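Quick notes on the structure that follows.
The values are calculated or read from the model by the stated rules, or taken from the named source; none is laboratory data. What you see is a predicted model; the values in this text were computed from it and never measured. Here Cβ is always computed from backbone atoms with ideal geometry, including for glycine, and neighbour counts include all displayed protein chains.
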Amino acid sequence: MRVMVLGKATEGNNGEPPTKEAFAAMDRFIEELVKAGVLVAGAGLKAGAEAKRITIDGDKRTIIDGPFAETRELVAGFQIWEVKDMDEALAWLKRYPAMPGKNEIELRPFMEAADLADYVTPEELATPREGERGKLGVA
Amino acid sequence: MSRDETQRAIEASFRIERARLIAGLARMVQSIDRAEELAQEALLVALNEWPKTGVPANPGAWLMTAAKRRAIDAIRHERMRERKHGEIAQTLEEASDDAAMAIEAALDDEVGDELLGLIFVACHPMLTAEARAALTLRVIGGLTTDEIARAFLSTEAAIAKRIVRAKQAIAAAELSFEVPRGGERAARLPSVLEVIYLIFNEGYAATSGDDPVRPGLCLEGQRLGRMLAGLMPDDAEVFGLLALMEIQASRLAARLGPEGALVPLTAQDRTRWDQLLIRRGLEALARAEALDGGGPYVLQAALAACHARARSAADTDWGRIAALYDRLRVAAPSPVVDLNRAIAHSMAFGPEAGLRLLDAIADDPALRSYAPLPAARGDFLFRAGRFSEARGQFEAAAKLTRNAGEAAFLRARAAACR
């Protein structure tokens, strides 16, 4: 199964770049993930100062420029892992290195074909379509 | 955390460490069997200790230390037994002390090559490809014998026997658990790559209705390929194989039709191809090409990449595919490659070019009862406007194939020849 790992900045950190030590710790962790064949993709994201948000409320769209006052939910980086089950993902997650300040890492399994049963029938899924982006982002 | 949750957490943590643990132990005690036992004993200690102390900061090192203690205890025990037998041989005592010291030394040795060494042993060319696959899935992939049996449509007893015999052969040959170097490494790598691709293909051949363990083999193959790429970052063929598997796996969701029939590449819904895997595949291929790779896996990956890059079947760069088949034919000669090369040339340069290449291989005994040969000839003849000849070829191909869906498709093509 594939899981999304969202590294979130919390309290007083607006997604500023990590310290050299934290960067090195993350580098070692990623090395471990690669050698175990677990890491599929990942990237760090620039600080909140360079971010933009848009709120959508019905027809109303409001753009907010970073940095944001509310940083609790600021995604600072993401990784995609391929693991056998959530237990394995959790075991890896416990090894996630400490970044400066207080952090929260969120683990979210990808939707798979079976999860889309309410929206797309298996026949629809299996029938070739032309010129449209896939409904499934995953295999 | 409930007891059950704690146990699951410990087991998951153990699973991550298991292969490296066995690899490190096997190198010390020179036996896969003994290493597996020691790892299992370490797990039991962990299941007993960790609920009280919590999971240690470095579970791998902790488990290794626990297993090492067991190994040393066993050696001491052996020494005591020898004493009881009255043979107070100084040499023996020294020997067992040396063994204990060697274990201590190996623990401090952060080479990290143990896993690769174990992969090379489990995939030693003296073992059959099936034995290599079973042993690799067991000791590196961590699958149970039951899972391996289901994956290969075999029985648990047969797989268990295969694994035991493989281990016996390894012990009898006194194989070294060191990573082979230089020429030996080059000579043994193909049998490692072959096994990983065999595991992947076994999963790729499974259809959706089967036991999920079988399609799961694709993931096992990819995982092993990714692992190997992490351990051997300078080998072009390792990245070629990885690229090939990633790109092929990107099509898993698009390759089966509503009734489970295989959808040919050119008819697949490309919007369902997994772009993340395609990107990974193209990156691995770029790496292989940067390493000057021109081996069979790199070439096959380059072929797969031609399809992955084409937005639609009509955009396919058949000229490049034909050129790659010209090279693959030299790197890995086979009648099937020759046939595919003829198909590529027919797409790039017209049906006559394809027919000329088919004539050159028509008498190959390996292709005598091979349905794709007359099917390809029928297609070339059809496209050349030679309908009555084409019909005969499609009918011949329909008679040769054992796949009902394929036969129906070929008969429909025969019927359309007018």
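Values for this structure:
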quantity	calculated
Residues being closer than 18 Å to B:Ala57 by Cα and more than 8 Å from chain B (Cβ to nearest Cβ) - total across the range A:81-98	6
Conditions (1) more than 23 Å from B:Glu220 (Cβ to Cβ); (2) touching a Phe, Trp or Tyr at 6+ places or on another chain (Cβ under 8 Å); (3) of a type in the set (Lys, Arg): number failed by B:Arg309	(2)
Residues (within 14 Å of chain B (Cβ to nearest Cβ) and surrounded by fewer than 11 Cβ atoms within 10 Å (Cβ to Cβ)) located in the range A:29-58	A:Ala43
Matching residues, the range B:7-64, being closer than 25 Å to B:Leu135 by Cα and polar (S, T, N, Q)	B:Ser13, B:Gln30, B:Ser31, B:Gln40
Residue selected from the range A:77-121 under the condition of a type in the set (Ser, Thr, Tyr) and within 25 Å of B:Asp274 (Cα to Cα), by the criterion farthest from the chain's Cα centre (by Cα)	A:Thr121
Subset of the range B:312-333 (residues that are free of Cβ contacts under 8 Å to residues at least 12 places away in the same chain and loosely packed, with under 14 Cβ neighbours inside 10 Å)	B:Ala314, B:Asp315, B:Val330, B:Pro333
B:Ala267 being buried (at least 23 other Cβ atoms within 10 Å of the Cβ) and modelled with pLDDT under 90	no
Residue under evaluation B:Tyr370, criteria (1) over 35 Å from the mean Cα position of the chain (by Cα); (2) in a loop (DSSP other than H, G, I, E, B); (3) among the aromatic types (Phe, Trp, Tyr), criterion not met	(1)
Among the residues listed as B:Ile72, B:Ile88, the single one being over 27 Å from the mean Cα position of the chain (by Cα) and either at pLDDT 95 or above or under 30 Å from B:Val179 (Cα atoms) (or both)	B:Ile72
Residue match in the range B:344-352 (condition: crowded, with 17+ Cβ neighbours inside 10 Å, at pLDDT 95 or above, part of a helix (DSSP H, G or I) and not assigned by TED's automatic domain parsing to the domain that holds B:Arg386)	no
Selection count where residues are modelled with pLDDT under 90 and either within 27 Å of B:Glu406 (Cβ to Cβ) or among the acidic types (Asp, Glu) (or both), scope the range B:275-303	1
Condition check for A:Thr62: over 30 Å from B:Ile196 (Cα atoms) and over 18 Å from the mean Cα position of the chain (by Cα)	yes
Subset of the range A:99-119 that is in a loop (DSSP other than H, G, I, E, B) and more than 11 Å from chain B (Cβ to nearest Cβ) - its residue that is modelled with the highest pLDDT	A:Met111
Residues of the range A:88-98 satisfying the condition of being assigned to a loop (DSSP other than H, G, I, E, B) and in contact (Cβ under 8 Å) with a residue 40 or more places away in the chain	A:Arg95, A:Tyr96, A:Pro97, A:Ala98
Conditions (1) touching a helix residue (DSSP H, G or I) at 6+ places or on another chain (Cβ under 6 Å); (2) within 30 Å of B:Thr145 (Cα to Cα); (3) facing another protein chain (nearest Cβ under 10 Å); number of the one not met by B:Pro258	(2)
So B:Glu78, is it modelled with pLDDT of 55 or more, out of contact with any Gly (no Cβ under 7 Å at 6 or more places or on another chain) and not assigned by TED's automatic domain parsing to the domain that holds B:Ser176	yes
Qualifying residue in the range B:269-286 (condition: within 14 Å of chain A (Cβ to nearest Cβ) and more than 22 Å from A:Ile80 (Cβ to Cβ))	yes
Selection within the range B:226-255 - more than 8 Å from chain A (Cβ to nearest Cβ), crowded, with 23+ Cβ neighbours inside 10 Å and within 19 Å of A:Val38 (Cβ to Cβ)	B:Leu228, B:Val238, B:Phe239, B:Leu241, B:Leu242, B:Ala243, B:Met245, B:Glu246
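Residues are listed down the side, and each one gets a yes or a no for (1) at pLDDT 95 or above; (2) surrounded by 13 or more Cβ atoms within 10 Å (Cβ to Cβ):
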{"site": "B:Ala390", "(1), (2)": "yes, yes"}
{"site": "B:Ala397", "(1), (2)": "no, yes"}
{"site": "B:Arg411", "(1), (2)": "no, yes"}
{"site": "B:Ala416", "(1), (2)": "no, no"}
